[in-house]
Amino acid sequence: MTRATRAEINLAALKHNLQVARDATPNARQMAIIKANGYGHGLVEVARALRRADAFGVATLDEAINLREGGIYHPIVLLEGFTRESELPFIHAYDLECVIHHESQLAILEKHKAKPMNAWLKIDTGMHRLGFDVAQAGVVYERLMACESVNKPIRLMTHLANADDRNDPTTEQQCQQFMSVVQPLGQVETTIGNSAGILAWPDSHAHWVRPGIMLYGVSPFKDSLAEQHKLQSVMTLKSELIGVKPVKKGERVGYGGTYTCNADMTIGVVAIGYGDGYPRHAGSGTPVLVNDTRVPLIGRVSMDMITIDLTAAPSASVGDSVTLWGEGLPVETIASHANTIGYELLCGVTQRVNYHYLD
Ligand SMILES: *Cc1c(COP(=O)(O)O)cnc(C)c1O
């Protein structure tokens, strides 16, 4: 028997969430973002389930190659393009598209004489991470247009820094900056919005959108849960009780004895810990579902186990199912208890967890 700790991946929910993105942006094409192993859900499995997407976006060449070798023939965009000329043969062999965001890439493309690639020119409208300055954009566009190593037309993109906050004026400023670059160029295809853009910022819809976190059934906003956006949770992280024991009032539980029992109580031990990707920073009080009853985590998260207060679930026994996040328990809730975001928890599930795909 393998350990009960498992991630159940609901592929029907993934497809549903892509449809939510489409319904919100009916005139846009969907570049489904599946970097970081499909946000921790399994790269090729996610791509297969999302075959109705118009393209896929990944961060690394290895991810793109894994997709091709997994039989995915959609357009694939490398969101960070390439760093070295030695990557170009792979980009051609696997028929990949590149985001061009830096002078060093432009210099390589200008001297490179091989087969042309599809390019997305990235403009920095305020994120200040990747992209050419707005003031340089026109010149850079002309240089790319002159490259034999680049297919025409060239598409343009930018990325939003603050779209998760629906009251932040930065997003509209970024969209305006981007449009000031695009307008003089005439008919070019563009992309701006991520999940938050899709759900809250119509100005960011453009020709393509780039849904990421929403596909996995997680709200991109600070102040809402996925179900308010009709999104369905995709990953449910589960385990089981491997111990149940009475502990006396005044006794302390776990490493460092950070939790003191305020009464005689029954505690449960669950087979999951930070070695599985459950966040060590989740404090006492973080909710856990035992047979559908919410109970609080108590004490420190260990590598392979957590301890929980079973007062509200008195009939719980060894072998009972425990849900850490997913269906019935939003990952956003766990993330806020651990002082992080759902994205990080999903990406952080480790190899030790068994993945089960359900459709
Ligand atoms: C990760 C990423 C996205 C998706 O963002 P979400 O917030 O997950 O929707 C879109 N565009 C780029 C360039 C990204 O790196």
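Here are the numbers for this structure:
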quantity: Helical contribution to [θ] at 222 nm, DSSP H n ≥ 4, -39,500 (n - 2.57), averaged over the chain, rounded to 500; calculated: -7000 deg cm²/dmol
quantity: Anchor K113: aspartates and glutamates whose Cα lies under 12 Å away (excluding residues fewer than 8 positions away in-chain); calculated: E85, E148
quantity: Using a Förster distance of 25 Å, the FRET efficiency for H207-E344 (Cβ separation, nearest 0.05); calculated: 0.25
quantity: Cα-based reach from K15 at 25 Å (exclusive), listing lysines while leaving out same-chain residues under 8 positions away; calculated: K35, K222, K230, K238
quantity: DSSP bridge orientation in the chain - percent antiparallel, rounded to nearest 5; calculated: 50 percent
quantity: Sequence-distant aspartates and glutamates (8 or more away, or on other chains) whose Cα lies within less than 16 Å of K245; calculated: D264, D309, D320
quantity: Segment E103-R48, length gained on full extension (0.36 nm per residue, minus Cα span); calculated: 16.3 nm
quantity: Cα-Cα separations in the chain greater than 32 Å, expressed as whole percent; calculated: 40 percent
quantity: Other-chain or far-sequence residues with amide H under 5 Å of R29's (modelled H); calculated: W208, V209
quantity: Pairwise label distance in nanometres, A59 with A114, each label 7 Å out on the Cα-Cβ vector; calculated: 2.5 nm
quantity: Summed side-chain charge close to D124 - residues other than D124 whose Cβ falls under 14 Å, Lys, Arg +1, Asp, Glu -1; calculated: -1
quantity: Extended-chain gain in nm, criterion 0.36 nm per residue less alpha-carbon gap, E189 and D359; calculated: 57.8 nm
quantity: Neighbourhood charge, 13 Å Cβ-Cβ cut-off, centred on Q228 and excluding it, Lys, Arg +1 and Asp, Glu -1; calculated: 0
quantity: Span from the the range 26-68 Cα centroid across to the the range 100-133 one, whole angstrom; calculated: 21 Å
quantity: Cα gyration tensor shape of the range 167-291, rounded if a/c is under 1.5, else prolate or oblate by comparing a/b with b/c; calculated: prolate
quantity: Stretchable slack from E251 to E148, in nm (0.36 nm times residue separation minus alpha-carbon distance); calculated: 29.8 nm
quantity: Mean Cβ count within 10 Å, highest first, over the residues of peptides 2-9, 272-279; calculated: 272-279, 2-9
quantity: Segments 175-186, 58-69 sorted - mean Cβ within 10 Å per residue, highest first; calculated: 58-69, 175-186
quantity: Only Lys, Arg (+1) and Asp, Glu (-1) charged, at Cβ; the chain dipole about Cα centre in debye; calculated: 460 debye
quantity: Within the range 117-152: backbone nitrogen closer than 16 Å to the T83 label point (7 Å, Cα to C-beta); calculated: 130-131
quantity: Exposure proxy order (Cβ contacts within 10 Å, fewest to most) of L106, L121; calculated: L106, L121
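The numbers here are math on the coordinates, done by the rules we state, and not lab data. Remember, it's a predicted structure, so these values are computed and weren't measured experimentally. FYI the Cβ positions are ideal-geometry reconstructions off the backbone, even for glycines, and counts take in every protein chain you see.
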